[in-house]
Amino acid sequence: MLQQTPVVRVEPAWRAWMERWPEPADLAAAPTADVLRAWGRLGYPRRALRLQECARAIVERHDGEVPRGEEALRALPGVGEYTAAAVTAFAHGRRAVVVDTNVRRVLARAVGGVALPAPSYTAAERATAAAVAPPDDDDAVLWAAASMELGALVCTAHAPRCGVCPVRDACAWRLAGRPGDEHAARRRTQAWVGTDRQARGRVMAALRDAPGPVPRGVVAEVWHDAAQLDRCVASLVEDGLVEQEDGPGGVLYRLPV
DNA sequence: AAAACGTGGCA
DNA sequence: TTGCCAAGTTT
């Protein structure tokens, strides 16, 4: 849930989710339509699908228990480098190099002396993160939590609070006078209006809000460009987020059973 | 390795 | 209003 999504938006959804499906086996047994509706407007609904696939894999491959070890974790759907490290550190109390967007920014500043990290995660960043993480399990877990929180609460993307930063006297960026990042290659800002992403979001919202299958004609009302809509619905079907059924009155679309 | 993938809040 | 950004992963 937290992948690319702010904590404050996730927390209430997470609490309701964990109350409804406390164990992997509970989520594994749920109808996918219920899962997608509970996901609601968190964004990137493929994550909801993968989370359920992950729960099912945990049931099938690990007897319902979240596996230990980053290799086994990374083999689960939707679990990448960051998530495997975070679960290892925070759930299992073992050393892992946990690097999220916050930690990347903290290291870019404190160690690299630049305002913001590069658009994509580099091998050099990974090496730096590994080098500064303490060797001991407990220390590494504390380090992981501390570096993430520092980035989230103090060393923020905008208006960092250097005055209250515990590492301000060692921060390469502050020591350099907090230079701007106008030379750095910024990631292209993500287009939204008129994109497939927006269209897919509209379709998913329509299906979530409907009690059952939705006629093709009703789905068509959510988007102006028929060809684009067709392509997006097809991609949603391909992704497993939407299912098509043929009713007496024509084609219907619904969330997966 | 670049691009796709949702959504909402804030400056 | 528009751009930026948020506990990334997958192809």
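The values are calculated or read from the model by the stated rules, or taken from the named source; none is laboratory data. Please read all numbers here as calculations on a predicted model, not as lab measurements. Because the Cβ atoms are built from the backbone with ideal geometry, glycine has one as well, and the counts that use them run over all protein chains shown. When the accessible area is computed, the model is the full protein with side chains, heavy atoms only, and any ligands, DNA or RNA have been set aside. Shrake-Rupley method; radii C 1.70, N 1.55, O 1.52, S 1.80 Å.
Of note:
- Residues that are among the β-branched types (V, I, T), part of a loop (DSSP other than H, G, I, E, B) and touching a residue at least 12 places away in the same chain (Cβ under 8 Å), drawn from segment A:101-132: A:V111, A:V114
- Of all residues in segment A:113-131 being open to solvent by 50 Å² or more (accessible area, probe 1.4 Å) and in contact with a helix residue (DSSP H, G or I) (Cβ under 8 Å, 6 or more places away or on another chain), the one that is nearest to DNA strand C (Cβ to nearest atom): A:Y121
Yes/no matrix, rows are residues, columns are (1) at pLDDT 95 or above; (2) within 24 Å of A:R174 (Cα to Cα); (3) not aliphatic (A, V, I, L, M):
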| residue | (1), (2), (3) |
| --- | --- |
| A:L51 | yes, no, no |
| A:V66 | yes, no, no |
| A:E71 | yes, no, yes |
| A:A85 | yes, no, no |
| A:G112 | yes, yes, yes |
| A:A127 | yes, yes, no |
| A:E149 | yes, yes, yes |
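- 1 or more residues touching a strand residue (DSSP E or B) at 6+ places or on another chain (Cβ under 8 Å): qualifying helices (runs of 4 or more DSSP H) within segment A:1-66: A:32-39
- Checking segment A:93-100 against the condition returns no match, with no residue being without any contact (Cβ under 8 Å) to a residue 24 or more places away in the chain, within 16 Å of DNA strand B (Cβ to nearest atom) and buried (at least 19 other Cβ atoms within 10 Å of the Cβ).
- When we screen A:T32, A:T5 for residues that are of a type in the set (S, T, Y), out of contact with any His (no Cβ under 6 Å at 6 or more places or on another chain) and surrounded by fewer than 16 Cβ atoms within 10 Å (Cβ to Cβ), the only hit is A:T5.
- Single residue of segment A:57-69 satisfying the filter (open to solvent by less than 70 Å² (accessible area, probe 1.4 Å) and not β-branched (V, I, T)) that is farthest from DNA strand C (Cβ to nearest atom): A:G64
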